[in-house]
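These notes concern the structure reproduced below.
Derivation of every value follows stated rules applied to the coordinates shown; laboratory data play no part. Keep in mind that what you see is a predicted model, and the values were worked out from it rather than measured. Here the Cβ is made from the backbone with ideal geometry for all residues, glycine too, and neighbour counts use every protein chain on show.
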Amino acid sequence: MKITIKILIYLLSLSIISCSTESNNEDPEVTVSQEKIFERNFLGEFELIDLNNVMTNSSKWNGQYKLINFWATWCAPCRREIPLLNNTQKEYQNMSVQIIGIAVDVLDDVIAYSEETPFEYPVLVGEEEAIAIAENANIEFIGLPFTMLVDDQNEIIKTHLGEIKEHHIDMLTEVINGMQKGKISAEEAKLKLGKI
């Protein structure tokens, strides 16, 4: 069963990578539809086990902006994101942004991986339970890596399929900064981030 889930997610990840390659040819001025901008999805409370084998509730990060990154040890693009996410957590710690890694994987594999590759942010682990977090927020989970930007009211501002790159982080942190200062509304943030 675990191997079947890994194979399924791996195949879906490959399709996402090929899709994201094709989408790079689109006009950068294309924006998301008004319907999508005004659609409001909220991240529900969830519990997953952490790397210390302790059950952790997401309410721990209520009131903070969250960059939630779904990944797996066997996913190469996911592994490539980790140094960037580590640097982002260190660089923007004063911005009240919490990066949370959610490994769609087996706990022992994630613990072993974390011994080789340290994390500067909390990592939670689950299999079907991890996928259910996105699905319960009406987000279609179709591959890895998959990242959500969630505001301090737990509204999902942006989802991103595929590898997060530095230019994505630049835009995300610019928008978070604007929202925290009251210069950008959630709708404006969705519109601005619709291009990435």
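Using the count of nearby Cβ atoms within 10 Å as a rough guide to exposure, how do 42, 70, 141 rank from fewest to most?
Working: 42 13, 70 26, 141 19.
Least to most surrounded, the residues fall as 42, 141, 70.
Percent of alpha carbon pairs in segment 63-196 separated by more than 24 Å?
Numbers: 2243 of 8911 pairs.
I get 25 percent for the Cα pairs in segment 63-196 exceeding 24 Å.
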Exercise. Pick out, from 63, 88, 73, the residue whose Cα sits farthest towards the positive end of the charge dipole of segment 39-102, with +1 on the Cβ of Lys and Arg and -1 on the Cβ of Asp and Glu.
Key: 88
